[in-house]
Each structure stands twice: as structure tokens, then as C-alpha cells.
1. Here are some residues: 177, 162, 154. Which one is of a type in the set (S, T, N, Q), within 22 Å of the chain's Cα centre (by Cα) and within 29 Å of residue 434 (Cβ to Cβ)?
2. Return the residues of segment 6-51 that are outside any loop (DSSP other than H, G, I, E, B) and more than 24 Å from residue 541 (Cα to Cα); say none if nothing qualifies.
3. Take segment 26-46 and flag every residue that is farther than 16 Å from residue 14 by Cα and of a type outside the set (Val, Ile, Thr).
4. List every residue pair whose Cβ atoms sit under 6 Å apart, with the two residues 6 or more apart in sequence or on different chains, where the first one lies in segment 70-85 and is within 15 Å of residue 319 (Cβ to Cβ) and modelled with pLDDT of 90 or more and the second, anywhere, is of a type in the set (D, E, K, R) and in a loop (DSSP other than H, G, I, E, B).
5. Between residues in segment 421-440 that are within 17 Å of residue 395 (Cβ to Cβ) and residues that are surrounded by fewer than 13 Cβ atoms within 10 Å (Cβ to Cβ), which pairs lie under 8 Å by C-beta distance while being six or more apart or on different chains?
6. Among the numbered conditions (1) under 25 Å from residue 135 (Cβ atoms); (2) in contact with an Asp or Glu (Cβ under 9 Å, 6 or more places away or on another chain); (3) buried (at least 24 other Cβ atoms within 10 Å of the Cβ), tell me where residue 80 comes up short.
7. Tell me whether segment 332-346 contains one or more residues that are surrounded by fewer than 18 Cβ atoms within 10 Å (Cβ to Cβ), at pLDDT 95 or above and hydrophobic (A, V, I, L, M, F, W, C).
8. Return a yes/no flag: does segment 248-259 have any residue that is more than 30 Å from residue 348 (Cβ to Cβ) and among the charged types (D, E, K, R).
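The values are calculated or read from the model by the stated rules, or taken from the named source; none is laboratory data. The structure displayed is predicted, hence computed values, not measured ones. Here the Cβ is made from the backbone with ideal geometry for all residues, glycine too, and neighbour counts use every protein chain on show.
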Amino acid sequence: MIVNLRPHTTAHWRGERPRLLSTSSDWADALARVGQPLCIVRTPEGLAAAEGGEVVLGGGAGGGLPVVALVPAQSVGELGDPGFRRDHGLRFAYVAGAMANGIASVELVEAMGRAGMIGFFGAAGLTPATIEAAIDRLEAGLGDRPWGSNLIHSPYETGLESAVVDLYLRRGVRRVSASAYLAMSLAVVRYRVAGIHRVADGTIVTPNHVFAKVSRVEVAEKFLAPPPDAMLVALVEQGHITAAQAELARQVPVAAELTVEADSGGHTDNRPALTLLPAMIALRDRMQAQYPGGVRLRVGAAGGIATPWAAAAAFAMGADYILTGSVNQACREAGTSDTVRKALAEADQADVAMAPAADMFEMGVELQVLRRGTLFAMRARKLYELYRAWPSLEAIPAGERLKVEQTIFRAPLDTIWAETRAFWAGRDPAQVELAERDPKHRMALVFRWYLGLSSRWANRGEPGRELDYQIWCGPAMGAFNSWARGSVFEPWEQRRVVPIALNILHGAAVLTRLASLRSQGVALEPPFVDLHPRPVAELEEVLQ
């Protein structure tokens, strides 16, 4: 079982006879009980796990068994930054991401909040009225427990982004997940600085918290810096804040929580976490210096996190919290269809592809989706190729136009434009006016009809449109499925967000203890840990 041991010891254990660890299951059981400290001692019969007793450092005076390794208890609630948990009223440093179109549903956010974690409602793509209805339910269901909602950057719909901020400020939503930002917007700055004030001891209080999801250092730097001065001046001129509040805002960052998004589902730059997270932590450390004794900047890890190994690696690299996404979409609480849940449960790590994003189609921004069982990625890329190649719908060669009408839109493009025009006339009439002046913009809106509806078809489980389902998914989904195989989570019907989160955290704690053993010169032959997902009742036993 033991491959290598450090030859010398400087500690001895005294107590009742320890329990011998003679089999792989013995070692796995000892490491799995993360709430109990583990002392490995050498006995005449072999290595043993000592429980209770005392450890005496130095020499061998007074007898006792030589200590091979000491592994402290590793509560799953102690993973991550304690200040993060304290400031947001959490038991665990675990966040469920704001999957758009209500995939991160009210039910999902409520489940997380009741378990001492935090979830963000997937408000992107929804109308303010729908978002407000979700806020009503969350306030009633969670009370004072923490929760948040999404604020997505809308470069082509600034009015909608501003309206969502109006809603959040009016309803007292104190946490937002700011996603898809390439630069600061007046809306996100207005949300952050609203209500800023100084208390009696001189501390600057910002009631509203921005969790900025980023994958580029240059964007992260903007969020960790104070708001742009020109925007603060504009907010004063518009009457949103006072000059005194603007001065206070110059001393705080736009976001104190920075969620580093690596290779994820949805909008992503496919950055590897092993290189991206350390770069963001280094940036955080440099920028923390400008807030002495004030705001504590924190960095969380997202993208690719769906197993204990990924979570343990993120915490080991210094993540203050972790955020999961793709794995939650396959759970019962997610606001999607059973068809999607089943497809996600069958995915492997390579079953993903990049495709144009509806909200930033004209800019060429892409997102990561499930490839297996759907033609969405291929068809969406075809539409973007046509958009790049031709100045208008009328300029598309007749053969190409007929092909997309028959296979993608299933209707004449003129009919699709009529539907699209009616939609935008009610949502943002300026888009219709621009489209009637600019044929290129009209083509973009028509193509976005398909990109926008494809995710809703998936969420509703639209019959006959299965090949067009847009299912946001990263490689983490395949990694989770591999881990879940043969366990309670293998059937998609049994997947729920909180049991999955607790298993991920418990496994990360076990791996942290294993790393401690290794760092003390103890190397075990595999299999030496048992990380298979467990039912919650069984998990509670080893968490004691």
C-alpha cells in the first residue's frame, strides 16, 4: 500500500491502540471522513490510523508510536475563502452560474440558497416582466438567504440592459452576475454605485455586489478598477448619484468578486484554467494594493468544474470560490426540457463545438454548445458565413437562399423577417428602423431569429426541432458523466444540484487530505481514495 515513506519522524503519538490500515478500503474510509483529523503512525504490525490520543513533537521521550503523517480535518465548509462566505452569508464557497433564459431557474436558485450556497437566476434573454416575476418568487421562497440574478452586457440593446438595472435597483436585488462584458457600460456602473455611502467608522459601503464573469485579463482589469470617471460624471449629471457619492465611487472597484471563466459552456474564449486562473490571481494581487484596508478583491474559478478533481485543483491554485454551470443544466431543477437533460447525461468531453452567439452575432462572438445529437453549431456557422459574404438577404444566391429556407428556417426568409419585425417592434423599435435603413442589419436580425429561438426550442423540448436545439455545454459535462458512471447520478432523473455540489465539495476535501499525505512523504498505490458520488444520507455520515 505504501510506496514511499520519509525515513525520519519528529513526532510520536500516545493513546489507545490505533486501527490498522491494511487494505485500500481502510485508507479510502479514513480519508473520506474529512471531518476527523488523521494521524498515521507506525506500529510493529504496519501502518495504522490513530484516533484520539495526543501527538508529542520532538524526540521519542516518553514513548509512543512514531508519527508518519498528520492530516488535519478538512471541513467542506472550509474550502475557499472564509471572508467570501462570511460577507455573503454562505456555508460553502460554491456558486451556481446564471445560465440564460431561466435555465438557472427559480427552483435551482432556491435549492442552492437553502443549502448554504448561492445561485444566480438566469435572467439573460428574458423580459423585465419575467425577471420581476422570478424576483417575487425568490424573495418569498428564500427570505434573507443570499441569491442573485444575471446582468448580461447588451451592446445592441443598451435600453434593455438599462431597464434590467432599473428593475434590480427598484427591487433591491443586491447581487448580480455580470456576464459577456467586453468593456464597462453605464448600466453596470450605475448598479454598482447606487446607494454608496460612508458609515461612522469611515468605511465605504456599497450595498450592491457585482460578480464579474471574465476570461480576459484586460476586461478583468476594468472590473477590478474604480468606475471610469466619465461614467461617474454622467451619472451625476443624470441625477442617479450625487457628487459626494461619485467621490466615494472613485475609491471602490466595479466588482470585488471576479469569476474567472475558463473553458465553459456558453460564451467562452476556451481558455485553460491552469493558465488563466493564476494570471487573474496575479492581477488581483497587484490591484488589491490600491484598496488598503478597504475592499477585499476575490477571485473565483469557473469553466470545467464538475468533478472533485477540478474543484480541488481550483482551490489549491487559490480560488476563493468555485462556480458550476454545465453540470447544473442536467439537473432536475434546471429550467430546461427532459430531452436536453437526457442529451447532456450522454455527452462526452469531446461532444462540444463552438457556434455564433445570438446576442453578439455581428461581432463574431462565439459560444460553446453540445454537438452530439444536434446540427445547431453547423447551421449557425453557415448563417454567419452568409452574413460575412453578402450585403443583404436579397444578395444571397438563389440556391443558397432556398437551402437555408428549407433546412434551417423552414419558411421563406420574407416570412421570417415579418415575424422578426413584429418582435422587435414590440421590444425595441429602433432595431426595426435601423434594419429598414440598413439591409445588412436586417439580415443579422433574421439570422438571429434562428439563433435566439434554437435555445428556447431546446428548453421547451420543441418536437420536430431536435436537430436545431442550442444546448450550452462545456467539456465539464463529459467529465461529470465519466465520474457519475455507475453511481447514484448516472441516471439523469436522479441528478439534483445540491447533492451534486456536496459530492464535488466532499471529493475536493478528500483530495486535499490526500495531497497533505503526499506532501509529508506518504505515497499510496491506487486505488487509495473513494470519490464515487454518494447519496446525501451516506455522504452525511462521512462528513461528521
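1. Numbers: 177 fails: within 29 Å of residue 434 (Cβ to Cβ); 162 fails: within 22 Å of the chain's Cα centre (by Cα).
Step by step, each of 177, 162, 154 is checked, and only 154 is of a type in the set (S, T, N, Q), within 22 Å of the chain's Cα centre (by Cα) and within 29 Å of residue 434 (Cβ to Cβ).
2. 11, 12, 13, 14, 41, 42, 43, 46, 47
3. Just the residues of segment 26-46 that are farther than 16 Å from residue 14 by Cα, to begin with: 26-36, 45-46.
Matches in segment 26-46: 26, 27, 28, 29, 30, 31, 32, 33, 35, 36, 45, 46.
4. Pairs that qualify, where the first residue is within 15 Å of residue 319 (Cβ to Cβ) and modelled with pLDDT of 90 or more and the partner is of a type in the set (D, E, K, R) and in a loop (DSSP other than H, G, I, E, B), are 80/320; 81/320; 83/296; 84/320.
5. 439/391; 439/392; 439/394; 440/391; 440/392
6. (1)
7. no
8. The answer is yes; a qualifying residue exists.
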